[in-house]
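Scroll down for the structure; my scribbles are underneath it.
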Amino acid sequence: MKRVEAYIKPFKISDVQEALLKVGVQGMTLTEVKGFGRQKGHTELYRGAEYHIDFIPKIKLEIAVPDQMVDKVVKAIMEAARTGKIGDGKIMILPVEQAWRIRTGESGEDIL
Ligand SMILES: Nc1ncnc2c1ncn2[C@@H]1O[C@H](COP(=O)(O)OP(=O)(O)OP(=O)(O)O)[C@@H](O)[C@H]1O
Ligand SMILES: [Mg+2]
């Protein structure tokens, strides 16, 4: 099992959610975060207004997926979240050592 972590532009969340449901993702966690990449937030527009601060609002998505689903999920996020402009975000893949569904006690990929 892997955890896909995606930092995306807030206005892209619906498109990304729809794309992820289409490829069969069963659940996800969304967090409102602030961050910056290599432009340090200085030249990026957010809802029309230029930010003069370092941290730009982003959405962080965390999605646990079976190993064989990772490529599909990355592709879905990549296509749905891209505008072609700076600040489109990043996708990172992390290994998940173990996981449980609390209600049933199931573990591993059975929880997905
Ligand atoms: N190295 C990093 N570690 C953790 N989070 C990061 C990192 N780089 C970017 N992020 C997160 O991703 C968001 C979007 O980054 P961004 O797309 O601006 O990266 P970039 O490298 O500057 O690429 P681009 O040139 O396309 O803007 C940041 O606001 C931050 O939340
Ligand atoms: Mg950037």
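Quick check on my filter: what residues within region 59-111 are farther than 21 Å from E32 by Cβ, open to solvent by less than 60 Å² (accessible area, probe 1.4 Å) and either assigned to a loop (DSSP other than H, G, I, E, B) or within 16 Å of ligand 2 (Cβ to nearest atom) (or both)? Within region 59-111, P66, V96, A99, G105 meet the criteria.
Within region 71-87, the residues that satisfy the criterion of being within 16 Å of ligand 1 (Cβ to nearest atom), farther than 13 Å from E18 by Cβ and not basic (K, R) are V74, M78, T83, G84, I86, G87.
The values are calculated or read from the model by the stated rules, or taken from the named source; none is laboratory data. Small disclaimer: the values here were computed from a predicted structure and weren't measured. Quick reminder, even Gly has a Cβ in these numbers, built from the backbone with ideal geometry, and neighbours come from all protein chains shown. To get the accessible areas, we keep the full protein, side chains included, count just its heavy atoms, and leave off ligands, DNA and RNA. Shrake-Rupley method; radii C 1.70, N 1.55, O 1.52, S 1.80 Å.
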